[in-house]
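Please treat every number below as a calculation from the coordinates, not as lab data. Treat the numbers as computed from the prediction; the structure is a model and nothing was measured. Every residue, glycine among them, receives a Cβ derived from its backbone with ideal geometry; neighbour counts consider all protein chains shown.
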Amino acid sequence: MAGPITQILKWLDARLAKQGGEYFADNRLTIADLKVFVFTQWLCSGMLDHIPASLVPDMAPALLTHLERVANDPKIKSYYE
């Protein structure tokens, strides 16, 4: 799994930490968080050939926490319901 996806995950994980660990910009949910949320959700889906669903938890655990935080936001929950 060494390659661009792993590099991007590590970069996003570091970027999230640099911003305080909860959100990617402005300490609140923004479009940046939504873009990362969709990307992370896609990678965790287990539906991508040759990409294990455990990739995000193994390579960028903070992104998994971010995914859960965004998924539990009332507006996001409402959208998916």
Given the C-alpha centroids of the range 1-27 and the range 40-81, what is the distance between them in whole angstrom?
13
Pop out the ³J(HN,Hα) list for the range 73-81 in order, Karplus 6.51 cos²θ - 1.76 cosθ + 1.60 with θ = phi - 60°, rounded to Hz; leave Gly and Pro as x.
5, x, 5, 6, 4, 4, 4, 6, 6
Per the Cauchy relation, a quarter of the hull surface: what is the mean projected area of the convex hull of the alpha carbons in the chain, in nm²?
5.2
If I model a spin label as a point 7 Å beyond the Cα along the Cα-Cβ vector, how far apart are those points for Thr6 and Ser54 in nm?
1.5
Suppose each label sits 7 Å from its Cα in the direction of the beta carbon; what would the Tyr80-Gln41 distance come out to in nanometres?
0.6
Karplus-derived 3J(HN,Hα) from phi for the range 65-72 (6.51 cos²θ - 1.76 cosθ + 1.60, θ = phi - 60°), whole Hz, x at Gly and Pro, runs 4, 4, 4, 5, 4, 5, 4, 8
In degrees, nearest 10, range 0 to 90: what is the angle between the Cα axis of helix 4-18 and the longest Cα principal axis of the chain?
40
Sequence-distant or interchain residues sharing an amide H contact under 5 Å with Phe24, placed H: which?
Thr30, Asp33
Per-residue ³J(HN,Hα) for the range 22-34, Karplus 6.51 cos²θ - 1.76 cosθ + 1.60, θ = phi - 60°, Hz, x for Gly and Pro:
9, 9, 7, 7, 6, 6, 7, 5, 10, 4, 4, 5, 5
Taking the dipole of the range 4-80 about the Cα centre (Lys, Arg +1; Asp, Glu -1; charges at Cβ), the one of Ala53, Ile31, Asn72 that reaches farthest to the positive side is Ile31
Number of Lys pairs in the chain with C-alpha atoms less than 22 angstrom apart, excluding same-chain neighbours closer than eight positions?
5
Using only DSSP helix segments of four residues or longer, with each worth -39500 (n - 2.57), what per-residue ellipticity at 222 nm results for the chain after dividing by its residue count and rounding to 500?
-19000 deg cm²/dmol
